[in-house]
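FYI, it's all coordinate maths here, none of it is from the lab. For clarity, every value in this text was computed on a predicted model and none was experimentally measured. Neighbour counts are summed over all protein chains in view; Cβ atoms, including those assigned to glycine, are modelled from backbone coordinates with ideal geometry.
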Amino acid sequence: MKKIYFTFFTLLITAHFLAQTTSIPDVNFERYLIQANIDSDGVINGEVLTADIVNITRVSFSTSDAVHDITGLQDFAALTEFIANSNNQLENLSFSQNSNLERLILTSTQTQTINISNNTKLIELAIYDSYESLVSLDISKNTNLTSLTVVDSQLTSIDISNNTKLAELYLATNQLTSLDVSKNTNLIELNCKENNISSLDVTSLIDLEELYINKNNVSLLDLSNNTKLRSFNAKENKLTLLDFTKNKDLTHVYCDKNEITDLNIQNENNTKIRIFSSENNSDLTCILVDDKEYSDNDSSWYKDTTSRFAEECNEQTAIPDANFESYLEYKGLGNGEDNDGFVDTDKISVVESLDINDESIVDLTGIEDFIALKSLDAGLNSIVNVDFSKNINLEVLNIAQNAITAIDLSKNIKLTELVISRNQLTTIDLSKNVALKDLSIGVNKLDALDVSKLLDLERLWCFSNQLTTLDISKNEKIFLLNCSDNQLENLNVYSNIQLKRIVASYNKLKYIDFQKNTNLVELDVSNNELIGLNVKNGINTVLFSFDVDNNANLTCIEVDDVSFSNTYWTSKDAHSSYSTDCAPVNNNCTNAIPLTFGQVTPGDVKSGNANNNAPCVAGNVIADVWFSIIVPQSGELSVEGAGFGGLLKFAVYETCNSTDPIACGEKISLKNLTVGKNLNLKVWIEAASNKSQNNQSETGTFTLEVNETSVLSLNNSLNDDTKINLYPNPATQFIKISSPVFTVDKVEVFNVIGKRVIFKNAILKKEITLNSSTLSKGIYLIKITSNNKVSSKKLIIN
C-alpha cells in the first residue's frame with residue numbers, strides 16, 4: 001500500500017511541475033524560444049512551460065532577435081552561457097538566479113547596470129560597445145574569472161584585486177585614470193589602450209606575453225620582470241625610456257609618439273623581432289640594438305631620421321646637413337660613421353674654434369652643442385636659419401655670404417667681432433652685444449641700424465644697405481667707418497675724435513664737418529650731394545687719402561692750407577675749391593642742415609651774414625645759420641648750445657617764410673608740437689668783448705644739441721648763482737670755485753659732447769681747486785651742486 005501511495009505522490013508532483021509556466025513578456029524573446037524549439041507549445045502567448053527551459057544551458061541572441069526584456073531568464077536554472085549580440089535595447093540586466101552561469105557576452109547594448117554578484121562560477125565576462133551606458137562594474141564576487149573584457153564603455157575605475165585567476169584582461173577605450181594589476185599575477189594578455197592611465201606597474205606579471213597600453217599617459221614602465229613578453233604596443237604615451245634587455249621573446253614592438261630619450265633593445269634576440277617602430281620620438285637620437293647593420297637593413301624596423309641604431313651609445317648630436325657632418329667627420333669630430341647624421345656630443349662640446357667656411361652647408365643644426373665655441377667662421381655657405389642661443393661663449397662670429405634673413409644674438413653677449421655681411425637681413429638687434437669692437441654688416445637690406453649701446457665699437461662696416469640715418473655719437477672709440485652706398489642725408493662725426501678712416505661715398509650727404517677729427521688719415525665722401533665740407537682739423541698733412549669727386553654742388557671745401565690741399569688732394573671736381581674760411585653752407589633757410597636728436601652738432605657763422613633778425617636779439621648779430629628739426633614722437637624738444645666770441649641764441653620757425661618765431665632765446669623748450677612736422681632753427685652769435693689772441697680762431701664757432709624732451713639740462717638751478725665764483729677763466733693749470741654764500745657738495749666738468757672729464761666731491765666746502773692741466777683746449781661746462789640744486793658755468797681752457 002505504501003508503494004502505491006509513493007508512486008501516486010510522485011506522479012502528482014511531476015504533473016504539477018510539468019504544468020508550471022514561466023512568464024515571457026518580451027514577444028521577441030518568446031519568438032526566439034519558439035524558433036530555437038525551446039517553447040514546446042509554439043504559440044506566442046507570453047509564457048513558456050518552465051519544464052521547457054529549466055535544462056537549457058545556452059542562450060544566444062543575434063541582432064535580428066531584437067530582444068529588449070529578458071524577464072523569464074531567471075528560470076533557466078542550468079544556464080551556463082548567455083550571449084547578446086547588438087541588442088541595443090537591453091538596459092538593466094540581472095543574472096542573480098543563474099548561479100551556474102560561466103560565460104556572459106554582451107555586445108552593443110544600452111546596459112547601465114549588470115548584476116552578476118551571485119555568478120561565482122563565471123569564468124568569462126565580455127562587454128563590448130556599451131557606449132555611454134555602463135559607467136561602473138562590480139566583479140568582486142566573480143573570483144573564478146579568467147577572461148574579462150570591457151571595451152568602448154565609460155568606466156572610470158574598476159577593482160580587479162579579487163580576480164586573481166584572470167589570464168586575459170581587455171579594458172580598451174574607457175575613461176580609466178588608473179589600473180592596479182598587482183594581484184593579477186596570472187595575466188598573460190593585458191590590453192588597456194585608449195584610456196587616461198598615467199601610471200602602470202606590471203612588475204608582478206611574470207607570465208605576461210602581450211601588453212597593449214597605447215594612447216594613455218604612462219610615463220614610466222618597468223618591463224624587467226616580464227621575460228615572456230612577446231608583443232608590446234605603447235604608442236602615444238609619455239614614456240621617456242624603455243629597456244627591453246630582459247624581453248628575449250619579443251616579436252612586435254611599437255613605441256611611436258612618446259617622449260623617449262633612451263631606448264635599449266639589446267635583448268640578444270633581435271632577429272626574432274618581426275616589427276619594430278619608434279617613430280615620432282623627437283629627442284631619441286640613439287637606439288641600442290644587438291647588431292646595428294641588421295637593424296639598419298631590416299625593412300620592418302622603423303625609426304626617425306634623427307635617430308640611429310647603435311651597439312654602443314655615446315651622447316650624440318644630430319647633424320642633418322650632410323656636408324656639415326662630412327666636414328666634422330673629416331676633422332675627427334664625428335662618431336666614425338659617415339652619412340648617419342650624427343656626431344659625438346662629447347667631442348664637439350669642447351671645441352673652441354671651428355672653421356667651416358665655404359663647405360656648401362645649408363643647415364647649421366647641431367651647432368648648439370658646440371657649447372665651448374669661442375670662434376666660428378661659417379662664411380661662404382648657403383645657410384638660411386641659425387640658432388646661436390646656446391653658444392654663449394662666442395667671441396668671434398663670421399656668418400657672411402649666406403642667405404640669413406633674421407638672427408638672434410641676444411645670448412651672445414661676449415661677441416667682440418661680428419661679420420654678417422652679404423646676407424638678407426632687414427633688421428638686427430645688437431643692444432645686448434655691448435662688447436662688440438668690430439661689426440661688419442654690409443650688403444644687407446637694413447633700413448636702420450642702432451649701435452648706440454656699442455660703446456667699445458672700433459670698426460664699423462655697414463656699406464650697401466638702405467640706411468637713411470646713422471647715429472654714431474655714442475661710439476667714441478670708433479676709428480674706422482665704411483657706410484658707403486646707403487641713403488644717408490646727414491652724418492655727424494663730431495664726437496668721434498678717434499676716427500681715422502671714413503668711407504661715406506654714394507650717399508645723399510649735404511654737409512659734413514671733420515674739424516674735431518684730428519686723427520683722420522683717409523676720407524672718401526665722393527658721389528654725394530654735398531654743398532659744404534669742413535676738414536679744417538689742424539693736421540691735414542696726415543690725411544693721405546682724400547676723395548670728394550662727384551659732388552655737383554660742392555664749391556668750397558674748408559681746409560688748413562690751400563696750397564697743401566691743391567698739391568696732394570686732387571680727387572675733387574673742377575668746380576670745387578679749397579679755402580681756409582668757407583661761408584656757412586646753411587647761411588640761408590633753404591640749405592638748413594638736418595639735426596639728429598641727442599647728437600652734439602658743430603657749426604660756425606664765420607663769413608656768414610645776418611638777415612631779418614629775430615625779436616629776441618639784444619646785441620650785434622655777427623651772422624646767422626639754419627638747421628632743420630623734425631618733431632619727434634614725444635611732441636617735445638629742447639635746444640641748447642655754447643658759442644665762441646659772443647652769446648649764442650636760437651629761434652624756431654614753422655617755415656622758411658615765417659616772420660615770427662614760435663620760440664626765441666638762449667635756450668629753447670617746446671611742448672605739444674605736431675609730430676613729424678619740420679621746423680626751422682635759426683642760430684646766431686651776438687658780438688661780445690674781444691677775446692685773447694689765442695681764442696681769435698674760435699670766434700664765430702659753436703656747438704648745439706637738440707633733444708626729444710622739453711626738459712633742459714639745467715632745470716634745477718640755484719636761485720643766485722652769481723654768488724659762485726669761477727677763476728681763472730680762461731684757465732690752463734687749475735680752476736678755483738668759491739662762494740661766500742653757498743657750500744659746495746660736488747663739482748663736475750663736462751666737455752662739449754657731454755662727457756664728464758672731471759668729478760670731485762667737495763664735502764660742503766666753500767672753496768675747491770681743480771687740476772685742469774690735462775684738459776685740451778676748448779669749451780667746457782662746469783656744474784656745481786649745492787643742496788641738490790645745480791649751478792652751471794662755462795669754462796674756457798687755453
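Could you derive backbone 3J(HN,Hα) for the range 663-675 from the dihedral phi with the Karplus parameters 6.51, -1.76 and 1.60 (θ = phi - 60°), listing whole Hz in sequence and x where the residue is Gly or Pro?
So the J values, rounded to whole Hz, are 7, 7, x, 6, 9, 10, 9, 10, 10, 6, 8, 7, 4.
Enumerate the lysines that LYS783 could reach by cross-link, defined here as Cα to Cα under 22 Å, with residues fewer than 8 away along the same chain left out.
Counting by Cα, and skipping residues close in sequence, LYS783 has these lysines nearby: LYS474, LYS649, LYS667, LYS723, LYS736, LYS746, LYS755, LYS760, LYS765, LYS766, LYS793, LYS794.
Apply the a/c threshold of 1.5 to the C-alpha gyration tensor of the range 18-129 and tell me whether it is rounded, prolate or oblate. Don't jump to the answer; show the numbers that get you there.
Numbers: a/c = 1.92, a/b = 1.29, b/c = 1.48.
The shape class here is oblate.
In the neighborhood of CYS582, defined by Cβ-to-Cβ distances under 12 Å, what is the net charge if each Lys or Arg adds +1 and each Asp or Glu adds -1?
On the way: positive: LYS536, LYS606; negative: ASP513, GLU558, ASP581, ASP604.
Summing Lys and Arg as +1 and Asp and Glu as -1 gives -2.
Note down the relative contact order for the range 359-452 as a percent, whole number, built from C-alpha pairs under 8 angstrom at least six residues apart. Could the numbers behind the result be given before it?
On the way: 233 pairs, mean separation 20.5, N = 94.
Computed value for the range 359-452: 22 percent relative contact order.
Any of LYS508/LYS536; LYS500/LYS677; LYS477/LYS516 with alpha carbons more than 25 Å apart? Name them for me.
Values: LYS508/LYS536 22 Å; LYS500/LYS677 36 Å; LYS477/LYS516 14 Å.
From the list (LYS508/LYS536; LYS500/LYS677; LYS477/LYS516), the Cα-Cα distance tops 25 Å for LYS500/LYS677.
What list of whole percents do you get for P(r) of the range 296-425, with Cα-Cα distances grouped in 5 Å bins up to the one holding the largest distance?
The distribution over the range 296-425 is 2, 11, 20, 23, 19, 12, 7, 4, 2, 1, 0, given as percents.
So how do ARG459, ARG274 line up by other beta-carbon neighbours within 10 Å, fewest first? Working shown, then result.
Values: ARG459 17, ARG274 13.
Going from sparsest to densest Cβ surroundings: ARG274, ARG459.
Amide H of SER577 versus every other amide H placed in the peptide plane: which residues, excluding those fewer than 5 positions away on the same chain, fall under 5 Å?
CYS556, ILE557
Counting alpha carbon pairs within less than 8 Å and at least 6 residues apart, what relative contact order, in whole percent, applies to the range 525-633? Write out the running numbers ahead of the final one.
Values: 175 pairs, mean separation 23.7, N = 109.
Relative contact order for the range 525-633 comes out at 22 percent.
If you keep only loop residues by DSSP, which trypsin sites (Lys or Arg not before Pro) in the range 307-393 have at most 12 other Cβ atoms within 10 Å of their Cβ? Could the numbers behind the result be given before it?
Values: sites: ARG308, LYS331, LYS347, LYS374, LYS390; in loops: LYS331, LYS374, LYS390.
Qualifying residues, ordered by number: none.
7 Å from Cα along Cα→Cβ at both LYS331 and ASN761: what's the point-to-point distance in nm?
Here the answer is 5.2 nm between the modelled labels.
Could you work out [θ]222 nm for the chain from helices alone, using -39500 (n - 2.57) per DSSP H run of at least four and dividing by all its residues? Round to the nearest 500 deg cm²/dmol. Walk me through the numbers before you get to the answer.
Details: 7 runs with 57 residues, N = 798.
Result for the chain: -2000 deg cm²/dmol, rounded to the nearest 500.
Pop the C-beta distance of LYS411 and ASP450 into the FRET formula with R0 = 25 Å and round what comes out to the nearest 0.05. Walk me through the intermediate numbers first.
Numbers: r = 18 Å, r/R0 = 0.73.
E between LYS411 and ASP450, to the nearest 0.05, is 0.85.
Rg to Rh ratio, the range 413-510, alpha-carbon atoms and Kirkwood radius?
Numbers: Rg = 12.1 Å, Rh = 13.1 Å.
Radius of gyration relative to Kirkwood radius: 0.92.
According to the Cα gyration tensor, what semi-axes, each the square root of 5 times an eigenvalue, does the equivalent ellipsoid of the range 440-495 have, listed from largest to smallest in whole Å?
Numbers: eigenvalues 60, 28, 19 Å².
Semi-axes (√(5λ), whole Å): 17, 12, 10.
What does the charge count around ASP355 come to, taking other residues whose C-beta lies under 13 Å from its C-beta (Lys +1, Arg +1, Asp -1, Glu -1)? Please list the in-between numbers first.
Values: positive: LYS331, LYS374; negative: GLU352, ASP358, GLU359, ASP377.
Net charge in that neighbourhood comes out at -2.
Within the chain, which cysteines find no other Cys whose Cβ is under 4.7 angstrom from their own?
Lacking a cysteine Cβ partner under 4.7 Å: CYS192, CYS255, CYS462, CYS483.
Counting other Cβ atoms within 10 Å, which GluC sites (Glu not before Pro) in the range 399-505 have at most 14 and lie in a DSSP loop? Mind showing how you got there, number by number?
Values: sites: GLU417, GLU458, GLU476, GLU489; in loops: GLU458, GLU476, GLU489.
The qualifying sites: there are none.
³J(HN,Hα) across the range 200-210 via Karplus (A = 6.51, B = -1.76, C = 1.60, θ = phi - 60°), whole Hz, x for Gly/Pro?
Along the range 200-210, the couplings run 8, 10, 10, 5, 7, 8, 6, 9, 5, 10, 10 Hz.
Could you work out the Rg to Rh ratio of the range 591-636, with Rh taken as the Kirkwood radius (inverse of the mean 1/r over all Cα pairs)? Walk me through the intermediate numbers first.
Working: Rg = 13.2 Å, Rh = 12.9 Å.
On the Cα set of the range 591-636, Rg over Rh gives 1.03.
In the P(r) worked out for the range 181-328, what percent of Cα pairs fall beyond 18 Å? Mind dumping the intermediate values first?
Working: 6131 of 10878 pairs.
Distances greater than 18 Å cover 56 percent of the Cα pairs.
May I ask you to derive the relative contact order of the chain, considering only C-alpha pairs under 8 Å and at least 6 residues apart, and to give it as an integer percent? Walk me through the intermediate numbers first.
Details: 2200 pairs, mean separation 27.1, N = 798.
Across the chain, relative contact order equals 3 percent.
Largest first and in whole Å, give the semi-axes of the range 305-345's equivalent ellipsoid, each being the square root of 5 times a Cα gyration tensor eigenvalue. Can you show the working numbers first?
Working: eigenvalues 45, 25, 13 Å².
Values for the range 305-345, descending: 15, 11, 8 Å.
Counting Lys +1, Arg +1, Asp -1, Glu -1, what net charge surrounds LEU415 among other residues with beta carbon under 12 Å of its beta carbon? Walk me through the numbers before you get to the answer.
Details: positive: LYS374, LYS411, LYS414, LYS432, LYS437; negative: GLU395, GLU417, ASP438, ASP456.
So the surrounding residues net to +1.
Label THR306 and THR570 with points 7 Å out from Cα along Cα→Cβ: what is the distance between them in nm?
Between THR306 and THR570, the simple spin-label model gives 6.5 nm.
Between the range 502-573 and the range 147-195, how far is it from one alpha carbon centroid to the other, in angstrom?
90
P(r) for the chain, please, calculated from all Cα pair distances in 20 Å bins and given in %.
Spelled out per bin, shortest first, that is 12, 25, 18, 16, 15, 9, 3, 1, 0.
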